[in-house]
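Participant: Handing you a structure now.
The values are calculated or read from the model by the stated rules, or taken from the named source; none is laboratory data. Note that this is a predicted model, so its numbers are computed, not measured. Heads up, the Cβs are rebuilt from the backbone with ideal geometry, glycines too, and the neighbour counts pull from every protein chain shown. With ligands, DNA and RNA removed, areas are computed over all heavy atoms of the protein, side chains included. Shrake-Rupley method; radii C 1.70, N 1.55, O 1.52, S 1.80 Å.
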Amino acid sequence: AGRAAAARLSGVHALQIARRIIEANIDKPGLGTDFICRQLGVSRAKLYRLFEPIGGVSQFIQQRRLRRAYQDIADPRCAQERISAIAARYGFSSVSVFSRAFRQAYGVSPSELRADSRQVGQTDVPDSGESPFELMKRWLLGMEANCCSALRNPDQLTPPAPFHALHARPGVQG
């Protein structure tokens, strides 16, 4: 039992380090499993096992890239930047692929978010519509730290706000 607990602990530590590697390199086109394996010094199989409980390494990278893109699109300081440039910065080679993934994750297109953000002035990233169990699991594993606080303190956890609370449209009920 002691070895199993030690292995789990080392797995949690490796996952935290892998998450930090991903966050630090999220805007690099070469970010992928090979890069992370080299940085972490683990095999591809070990990396896949680490991320398996949270949906896989590729899904995690895409979620983090979408989250950063969401923050940039909603940020008034980036209002003049083209959405296609934001998508490219976070590794999306096609605006249509980015827009589909963004809409699937957040329920609005990037253009709709930008328009709503100008009216609301809100930059917090909402949840992606997943089940409460999945949301809690990700929160407990530290997957919901927002970008700015994650850079200052990667272990700080911040639960996301619901999308409907952030972007309620006048006269429209969620």
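Participant: Once fully extended, how much extra length lies between residue 103 and residue 27, figured as 0.36 nm per residue of separation less the alpha-carbon to alpha-carbon distance?
Facilitator: 25.3 nm
Participant: Could you give each residue of the range 89-94 its phi-based ³J(HN,Hα) in whole Hz, using Karplus coefficients 6.51, -1.76, 1.60 with θ = phi - 60°, and x for Gly or Pro?
Facilitator: Once rounded to whole Hz, the list reads 4, 9, x, 8, 7, 10.
Participant: Counting only protein heavy atoms, what percent of the accessible surface of the range 37-114 is carbon or sulfur at a 1.4 Å probe?
Facilitator: Accessible surface attributable to carbon and sulfur in the range 37-114 totals 49 percent.
Participant: Which value in nm describes the separation of the simple spin-label points at residue 43 and residue 82, placed 7 Å from the Cα toward the beta carbon?
Facilitator: Calculated label separation equals 4.5 nm.
Participant: Given R₀ = 22 Å, FRET efficiency for residue 118-residue 93 by Cβ-Cβ distance, to 0.05?
Facilitator: For R0 = 22 Å, the calculated efficiency reads 0.20.
Participant: Enter the accessible area per residue of the range 6-70 (Å², integer; probe 1.4 Å; all protein chains in place).
Facilitator: 51 Å²
Participant: Rounded to whole Hz and in sequence order, give me ³J(HN,Hα) for the range 105-114 from the Karplus expression 6.51 cos²θ - 1.76 cosθ + 1.60, θ = phi - 60°, writing x for Gly and Pro.
Facilitator: Karplus-based 3J(HN,Hα) across the range 105-114 equals 6, 10, x, 9, 7, x, 5, 5, 4, 4 Hz.
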